[in-house]
Amino acid sequence: MTGGTRRRPRAARRSTVAAIALMVGGAGLIAVNTYASASETNETNQSGTTRLAAGAAGSTVDCPEVADSLPELSEKALAGVSDELAAMDTQVTDAYQRLTRMGTAPGAGEKVKGEVLDPLEKSRAESIGRITDSIGKSTGERPSGLDDLAACEVRTAPGGTTGNGSGDTGADGKDSGDKGSGDQGTGGDGGTPPAAGGENGNGPEATDFVDIRTVRPNVNRAPEARSGASRGSFSVDCGMNENKNYNTDNVIVAPGVTNGAHHTHDYVGNQDVNAFSNNDTFAAAGTSCDKKGDKSSYYWPVMRVQDGTQEFDQNNDGGGKEGNVGKILTAKQAEIKYVGSPTSKVVGMPKFLRIITGDAKAFTNGTANANAHFSCTGFEDKVQLTDRYPICPKGSDVVRSFAFQSCWDGQNTDSANHRSHVAFADANGNCAGGFKAIPQLTMRLVYSVPTPVIANGQVKNAYAVDGFPEQLHKPINDHDDFISVMDQNLMNQVVDCLNKGRNCGAGTPPENGNGAGKGDDDGGKGNGESDDKGGQGDNDGKGGNDGKGGNGKGDTGNGGATEAPAKGGTPNGQDEAKGSGGFGDEAVKSGGTAGADAPRTESTVASEAQRAQSGANPGTSASPSAVSRPEGGEDQEPAGSVNPAPQAEGSQGSLAETGSQLWPAAAGALMLCAGLVVLLRSRRHTARR
């Protein structure tokens, strides 16, 4: 009896101990994974601006943006101020490079302060002083508050050791008291930055990528077009920079300053754009555009794949010397299109209008001016990413999309911060504050990119857009630049095309005509000459379709003509369900769905920026026009019919992370289940005995 009672607990105890060990271990893994996910969420500063969590990226230098606090300036004053702003960019870049050379020895925190932050603050204060003097001489009034913007800090990501300074960390991750930033690992001994990933040590890292198939739909409808809207589109073909026209200047932000961008740009359109170009040289230059009346400059940061390629700029400023390394990729498609307003007619852009969309320093500045959009072909109508680079499935290409500001103040071609003279429309598509609707420039760049591979928290075959070195190649920094240099005749054609609801320009097929003339939009016979290879059909009523006289009713329009389906007709005369003449949201609103070979008629990526401008949630992305899905790809719902869901800036959540980030929770769940099974079996076995 006694011996029996001893044998039974021995087996039971072993099973019970094993079960408890499995359950505790599993629960621990789940808890660690949950905590790690929570720690990667965004930070929001006291003004409500979102700051992206740094993830495992290394430390970087974070300085207030002086340009955003400048008053409006004359052209003469702006030139001098721009020189100092460019000098301040160089100061930050130099400070970041000094930071990356710091060791991990005791006292590194004090070394960072003494050799990085203090000299940087001094040089910035001197530049700010010269800016203040220049503005005072120009306007008669010295701006106040700029001196407070001299001090910078080092933002240390989780994973680096922290310093022992005494500064308290504010809600935005910055020191809310003295600029000691001790909680950020820079105010005292032992503050050292962790590795930042990427071929050159400044990104991107594994957490900057996500398999697009794991991201929930986040695309919203574009605003509904109203009566009196300008529903047309005008496409221009300026190539993909096949002639490799590159430089690291930025004539908008840093005129007269070599390497003012600190990264390399692709240029299409105007072929004489560098730091020393001006309106006269723009007007005299050649163009890569199909319409020679368009000498506008369209330029954007190059995209590279970090495969070890030694590019031509490997040892140059703006290139390898500033962390922009790897093989430069040329886009396989570069679609440039002007679209109208959903609420009103548009007026022409003034010649030499300058616009920047997005923010090259959004990682440190916050997302207020960010306007990055990444996706994959076959997914654009469902998913747009702002703070992750997509990993696309086989047969799908990476897409960068841009939608520029579409409201103009009616007077200025530029402004001190290069932003306040233009604005995004609000969430309903309206221009506010006396601003006028202008043709909205949209761009879509498609790249064939080797698939990044993530293993053990590291990424191989990483790709990234060029940027300032201290921005760590984060996707949120993507941006695009534009200088309008169209002759008046061509601008008039753009405005007329948009306001009449036509689809014109490069790649636009003749609208049911014979190619000789263009249809009358108001009724009657098609007549006149066409500059668009066949002209345009009637969108409104019983007018002629282009060609030699009217040969059909307007309600059989084509090319995505939005009025046609509304009147009971079908795009391109085809079945409405196929909707091959419509595209994306416009096709849906017109009664059809996006067709497989539909010409793109409107881009809606601006909606996110429009919502941000109007105070709505900036984390909800809008889509560029829908795209055809690749063979074998997932079935795509019509654009606008998906359930919009906000995309978190800085964390996609567990469902949007790669498998390498999910395994701890999965393993923990398995261990927990195994422990429960062992425990139950042990108890049943004991009961039988």
Please note which strands (runs of 3 or more DSSP E) are completely contained in the stretch 291-350 and include at least 2 residues that are closer than 17 Å to residue 404 by Cα. 297-301, 333-339
Residues of the stretch 220-271 being on the phi > 0 side of the Ramachandran plot and either open to solvent by 30 Å² or more (accessible area, probe 1.4 Å) or in a loop (DSSP other than H, G, I, E, B) (or both), in sequence order, are 228, 239, 241, 244, 256, 259, 262
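For the stretch 444-488, give me every one of the strands (runs of 3 or more DSSP E) that falls completely inside it and has 3 or more residues that are within 15 Å of the chain's Cα centre (by Cα) and more than 11 Å from residue 303 (Cα to Cα).
Numbers: elements: 453-455, 458-460, 463-465, 479-483.
Answer list for the stretch 444-488: 479-483.
This table checks each residue for (1) open to solvent by 10 Å² or more (accessible area, probe 1.4 Å); (2) within 29 Å of residue 226 (Cα to Cα); (3) hydrophobic (A, V, I, L, M, F, W, C).
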residue	(1), (2), (3)
401	no, yes, no
420	yes, yes, no
424	yes, yes, yes
432	yes, yes, yes
453	yes, no, yes
470	no, no, no
493	yes, yes, no
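Filter the stretch 194-219 down to the residues that are part of a loop (DSSP other than H, G, I, E, B), crowded, with 23+ Cβ neighbours inside 10 Å and among the aliphatic types (A, V, I, L, M) and list them by number.
Keep residues of the stretch 194-219 that are part of a loop (DSSP other than H, G, I, E, B), which gives 194-205, 215-219.
With crowded, with 23+ Cβ neighbours inside 10 Å added as a condition, the list becomes 196-197, 202-205, 215, 218-219.
Scanning the stretch 194-219 gives 196, 215, 219.
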Cβ pairs under 7 Å, 6+ apart, first in the stretch 108-129 and in contact (Cβ under 8 Å) with a residue 60 or more places away in the chain, second assigned to a helix (DSSP H, G or I) and open to solvent by 70 Å² or more (accessible area, probe 1.4 Å): 128/147
Taking the conditions exactly as written (open to solvent by 20 Å² or more (accessible area, probe 1.4 Å), out of contact with any strand residue (DSSP E or B) (no Cβ under 8 Å at 6 or more places or on another chain) and under 22 Å from residue 263 (Cβ atoms)), does residue 369 satisfy them or not? no
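Within the stretch 272-284, which residues are open to solvent by less than 20 Å² (accessible area, probe 1.4 Å) and more than 12 Å from residue 486 (Cα to Cα)? Don't jump to the end; show me each part of the working.
Taking the stretch 272-284 as the starting set, the residues that turn out to be open to solvent by less than 20 Å² (accessible area, probe 1.4 Å) are 273, 275, 277, 282.
Residues satisfying the conditions are 273, 275, 277.
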Which numbered condition trips up residue 413, out of (1) crowded, with 24+ Cβ neighbours inside 10 Å; (2) assigned to a loop (DSSP other than H, G, I, E, B); (3) among the β-branched types (Val, Ile, Thr); (4) in contact with a Phe, Trp or Tyr (Cβ under 8 Å, 6 or more places away or on another chain)? (1)
Return the pair list, or none, for Cβ contacts closer than 6 Å from residues in the stretch 307-330 that are more than 16 Å from residue 266 (Cα to Cα) to residues that are open to solvent by 70 Å² or more (accessible area, probe 1.4 Å) and part of a loop (DSSP other than H, G, I, E, B), at least 6 apart or on different chains. 323/200
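Acidic (Asp, Glu), farther than 28 Å from residue 226 by Cβ, buried (at least 22 other Cβ atoms within 10 Å of the Cβ) and in contact (Cβ under 8 Å) with a residue 24 or more places away in the chain, is that true of residue 359? Explain how you work it out, then say what you get.
On the way: acidic (Asp, Glu): yes; farther than 28 Å from residue 226 by Cβ: yes; buried (at least 22 other Cβ atoms within 10 Å of the Cβ): yes; in contact (Cβ under 8 Å) with a residue 24 or more places away in the chain: yes.
Yes; evaluated as a whole, the condition is true for this residue.
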Could you list, in sequence order, all residues of the stretch 307-337 that are in contact with a Phe, Trp or Tyr (Cβ under 7 Å, 6 or more places away or on another chain) and not basic (Lys, Arg)? 329, 331, 336
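The values are calculated or read from the model by the stated rules, or taken from the named source; none is laboratory data. The model shown is predicted, which means the values in this text are computed figures rather than measured ones. We place every Cβ from the backbone using ideal geometry, glycine too, and count neighbours over all the protein chains shown. When the accessible area is computed, the model is the full protein with side chains, heavy atoms only, and any ligands, DNA or RNA have been set aside. Shrake-Rupley method; radii C 1.70, N 1.55, O 1.52, S 1.80 Å.
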